[in-house]
Amino acid sequence: MTAQATFRARPGVVALAVAGLVATVLQPAPLHAQDELFAEGNRLYQQEDYQGALDNYLRVREAGFESPGLYYNIGNAYFKANELGRAILYYERARRLAPNDADILANLELARSLGADEIVPLPRFWLFRVGSWWMNLLPRSLLIGLTAASYLMAAGAVVMLVLRPGAAAWTRRAAVAGGILVLLLGTTLAVRETGIGQPLHAIVLSAEVGVQSAPSDDPALQLFVIHEGTRVRVDRRSEQWLEVVLDDGKVGWVRAEVLEEV
């Protein structure tokens with residue numbers, strides 16, 4: 001059964017994006033300042049001042065911070081402000097960081113159901129489904145923690161073997177197991193963080209967009225129309241144009257400014 005959509009603002013400290021990590025470690029003040037902005041945004045959201053809340057959330061994001069909760073709250077504020085495309089964009093960004101979060105998935109499903117385009121996705125090859133399942137199995141924070149723990153286990157076992165060549169067999173097994181886990185989990189983390197090999201998705205932000213058979217504004221080349229909130233996969237670029245693929249397999253070209261990448 002599908003989880004019920006909820007639009008409560010999420011509290012809590014904002015997690016760090018890579019862009020904000022170094023500055024925050026060297027100078028703790030930025031994290032405190034951004035957390036105050038986040039809390040003020042939640043207060044304004046509870047007072048139904050959605051634009052004020054959104055302004056605070058976006059200031060946190062512009063400072064280089066991110067978390068599923070931050071993106072979820074931004075999506076909620078945009079939803080309340082009737083900006084469906086941007087709401088879906090930020091729910092998708094929240095899902096990228098927390099793929100199995102029930103609230104995020106429920107709100108994303110609701111927002112998508114309000115879009116003008118009814119797109120029936122093509123069935124995916126089973127190998128791609130398995131790969132997607134594995135990549136989204138663990139929350140980002142847990143994946144980072146398990147990777148770090150595996151590294152410490154492997155490194156500790158190797159140190160024991162160097163210092164005590166006659167160490168028990170379990171030490172060698174711990175070194176091998178830790179190394180395998182580091183390779184498996186570390187590769188998964190690297191792929192998720194860098195996006196290597198992952199499809200690039202974007203959300204339509206314009207009310208209505210004509211999809212062309214070639215990168216041209218010629219009306220005779222228009223194939224079909226898509227609307228605000230529709231998700232597409234970006235395949236190719238040609239100057240100010242993008243070749244996009246819909247979930248139902250339709251392909252065409254749109255101007256880059258009508259989309260924003262997830």
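Just so it is clear, none of the values below were taken in a lab; they were calculated from the coordinates. Not measured: the values here are computed from a predicted model. Note: ideal-geometry Cβ built from the backbone for every residue, glycine included; neighbour counts use all protein chains shown.
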Nitroxide proxy distance, nm - points 7 Å out along Cα→Cβ at ARG129 and ASN100: 1.8 nm
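Determine the sum of side-chain charges near GLU243: Lys and Arg each +1, Asp and Glu each -1, restricted to other residues whose C-beta is under 11 angstrom from that of GLU243.
Working: positive: ARG233, ARG236, ARG237; negative: ASP235.
Here the charged neighbours net out to +2.
Mind checking the full-extension length gain between LEU183 and PHE7? Use 0.36 nm per residue of separation minus the Cα-Cα distance, one decimal, nm. Walk me through the numbers before you get to the answer.
On the way: separation 176, 0.36 × 176 = 63.36 nm, distance 3.88 nm.
Result for the pair: 59.5 nm of gain on full extension.
I'd like the per residue volume of the convex hull spanned by the Cα atoms of segment 112-158, given in cubic angstrom. Before the final figure, lay out each step's value.
Details: hull volume 4.6 nm³, N = 47.
Cα convex hull per residue, to the nearest whole number: 97 Å³.
Averaging over every viewing direction, what projected area does the convex hull of the Cα atoms of segment 73-137 cover, in nm²? Before the final figure, lay out the partial values.
On the way: hull surface 19.3 nm².
Average projection, Cα convex hull of segment 73-137: 4.8 nm².
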If you take the alpha carbon radius of gyration of segment 94-176 and divide it by 2.2 N^0.38 Å, what ratio comes out, to two decimals? 1.80
Taking segment 174-219 on its own, what percent of its Cα-Cα pair distances exceed 14 Å? 71 percent
How big is the convex hull of the Cα atoms of segment 200-261, per residue, in Å³? 71 Å³
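The chain: longest stretch without exposed trypsin sites (Lys or Arg not before Pro) (DSSP loop, at most 16 other Cβ within 10 Å), sites themselves excluded? Each step should come with its number before you reach the end.
Details: sites that count: ARG8, ARG124, LYS250.
No qualifying site falls inside 125-249, the longest such stretch.
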Length gained when the stretch ALA190-GLN47 is fully extended (0.36 nm per residue, less Cα-Cα span): 47.5 nm
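Could you tell me whether the chain comes out rounded, prolate or oblate from its Cα gyration tensor? Rule is a ≥ b ≥ c as square roots of the eigenvalues, rounded for a/c under 1.5, then prolate if a/b exceeds b/c, otherwise oblate.
On the way: a/c = 2.30, a/b = 1.46, b/c = 1.57.
Note, shape of the chain comes out oblate.
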Surrounding charge for GLN51, neighbours by C-beta under 15 angstrom, Lys/Arg +1, Asp/Glu -1, total -1
Net lengthening on full extension, ALA116/SER213 (0.36 nm per residue, minus Cα-Cα): 32.8 nm
